[in-house]
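Chemist: A single structure is presented below for examination.
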Amino acid sequence: DGGITQSPKYLFRKEGQNVTLSCEQNLNHDAMYWYRQDPGQGLRLIYYSQIVNDFQKGDIAEGYSVSREKKESFPLTVTSAQKNPTAFYLCASSKHSGGYTFGSGTRLTVV
Amino acid sequence: QQQVKQSPQSLIVQKGGISIINCAYENTAFDYFPWYQQFPGKGPALLIAIRPDVSEKKEGRFTISFNKSAKQFSLHIMDSQPGDSATYFCAASIRYTGNQFYFGTGTSLTVIP
């Protein structure tokens, strides 16, 4: 079955540590996106990529980094520069003019 | 600046009633308006979507009403069921210039038996 897979489901980060969230899709979608979800704030765009080896900052890119070396994969690194990383992170993909397909999310907690 | 404004923030409806969630936008270039349903701990799933050349789209118990002149669109859930209890997000995008979605802040719907 085609879909988008995020891992891990839960992730704990110590202060000053970088962590990487995985996102893989087998839908042959060109575009991929990372959103952060906090209670009462909806979905905020972190980064997006429309083609391999190219990506753009979204509204809240500070403290995050991404790569797009393969069409299927769009990992997100939460760096130590992100001061408030505890949130639910959602990855999505789409064809260039279609609806988004979301993964099941990764819940990141700072310990 | 919130590109898409959604209301209410939360909604409680009796089983069998009608749930109505409203969204408003400013950018007249938007040409795709989807609604997403999200259950706790899960990613949002596409529920129904509309393009601005139609005023209404119905899929089962879910209907989108679209008012282009008022720049508003709404989701109506007929015969609401406890299983409909979830968070609903509206969104808007310009499909052929990057397809970036602008999401509303979400509505938490609770349907009580």
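The values are calculated or read from the model by the stated rules, or taken from the named source; none is laboratory data. Quick caveat, the model's predicted, so the values are computed rather than measured. We place every Cβ from the backbone using ideal geometry, glycine too, and count neighbours over all the protein chains shown.
Chemist: Just to be sure, is B:Ser108 farther than 26 Å from A:His29 by Cβ, surrounded by fewer than 20 Cβ atoms within 10 Å (Cβ to Cβ), within 11 Å of chain A (Cβ to nearest Cβ) and not basic (Lys, Arg)? If you could, list the steps in order and put the result at the bottom.
Modeler: Working: farther than 26 Å from A:His29 by Cβ: yes; surrounded by fewer than 20 Cβ atoms within 10 Å (Cβ to Cβ): yes; within 11 Å of chain A (Cβ to nearest Cβ): yes; not basic (Lys, Arg): yes.
In short, yes.
Chemist: In addition: Output the qualifying pairs, or none if there are none: Cβ atoms under 6 angstrom, residues six or more apart or on different chains, first residue in the range B:35-49 and facing another protein chain (nearest Cβ under 8 Å) and over 20 Å from B:Ala24 (Cα atoms), second residue crowded, with 20+ Cβ neighbours inside 10 Å and among the small types (Gly, Ala, Ser).
Modeler: B:Gly43/A:Gly103; B:Gly43/A:Gly105
Chemist: Suppose we keep only residues that are surrounded by 18 or more Cβ atoms within 10 Å (Cβ to Cβ) and either within 14 Å of chain A (Cβ to nearest Cβ) or in contact with a Phe, Trp or Tyr (Cβ under 9 Å, 6 or more places away or on another chain) (or both) within the range B:12-23. Which one would you say is nearest to B:Tyr96 (Cα to Cα)?
Modeler: Residue satisfying both the conditions and the ranking: B:Cys23.
Chemist: Select from the range B:56-96 the residues that are aromatic (Phe, Trp, Tyr) and crowded, with 21+ Cβ neighbours inside 10 Å and write down the one among them that is nearest to the other protein chains (Cβ to nearest Cβ).
Modeler: Here is the first cut: in the range B:56-96, the residues aromatic (Phe, Trp, Tyr) are B:62, B:66, B:73, B:88-89, B:96.
So of that shortlist, the ones also crowded, with 21+ Cβ neighbours inside 10 Å come out as B:73, B:88-89.
Details: B:Phe73: 15, B:Tyr88: 11, B:Phe89: 7 Å.
The extreme case among them is B:Phe89.
Chemist: For the range A:69-111: of the residues being within 13 Å of chain B (Cβ to nearest Cβ), part of a loop (DSSP other than H, G, I, E, B) and in contact with a Phe, Trp or Tyr (Cβ under 7 Å, 6 or more places away or on another chain), which is modelled with the highest pLDDT?
Modeler: Filtering the range A:69-111 for residues within 13 Å of chain B (Cβ to nearest Cβ) gives A:88-107.
Among the residues that remain, those that are also part of a loop (DSSP other than H, G, I, E, B) are: A:95-100, A:103-105.
The next check asks that each one be in contact with a Phe, Trp or Tyr (Cβ under 7 Å, 6 or more places away or on another chain); those that pass are A:97, A:100, A:105.
Working: A:Ser97: 71, A:Tyr100: 90, A:Gly105: 96.
Going through the qualifying residues, I end up with A:Gly105.
Chemist: May I ask you to list pairs of residues, at least six apart or on different chains, whose Cβ atoms are under 7 Å apart, with the first in the range B:92-113 being more than 19 Å from B:Ala24 (Cβ to Cβ) and the second being among the charged types (D, E, K, R) and at pLDDT 95 or above?
Modeler: B:Val111/B:Lys15; B:Val111/B:Asp84; B:Ile112/B:Lys15; B:Pro113/B:Lys15
Chemist: If you take the residues in the range B:17-63 that are closer than 21 Å to A:Lys95 by Cβ and small (Gly, Ala, Ser), which one is nearest to the chain's Cα centre (by Cα)?
Modeler: Among them, the one singled out is B:Ala49.
Chemist: Still on this structure, please answer the following. From B:Ser74, B:Ser93, grab the single residue that is of a type in the set (S, T, N, Q) and under 21 Å from A:His96 (Cβ atoms). Full working, then the answer.
Modeler: Details: B:Ser74 fails: under 21 Å from A:His96 (Cβ atoms).
Going through B:Ser74, B:Ser93 in turn, the sole match is B:Ser93.
Chemist: Please determine, by comparing only the residues of the range A:34-52 that are within 11 Å of chain B (Cβ to nearest Cβ) and part of a loop (DSSP other than H, G, I, E, B), which one is surrounded by the most Cβ atoms within 10 Å (Cβ to Cβ).
Modeler: The residue in question is A:Gly42.
Chemist: Does the range B:71-113 hold any residues that are within 17 Å of B:Lys15 (Cα to Cα), more than 12 Å from the chain's Cα centre (by Cα) and of a type in the set (Val, Ile, Thr), and which are they?
Modeler: If the condition is that a residue be within 17 Å of B:Lys15 (Cα to Cα), more than 12 Å from the chain's Cα centre (by Cα) and of a type in the set (Val, Ile, Thr), then B:Thr110, B:Val111, B:Ile112 are the ones that fit.
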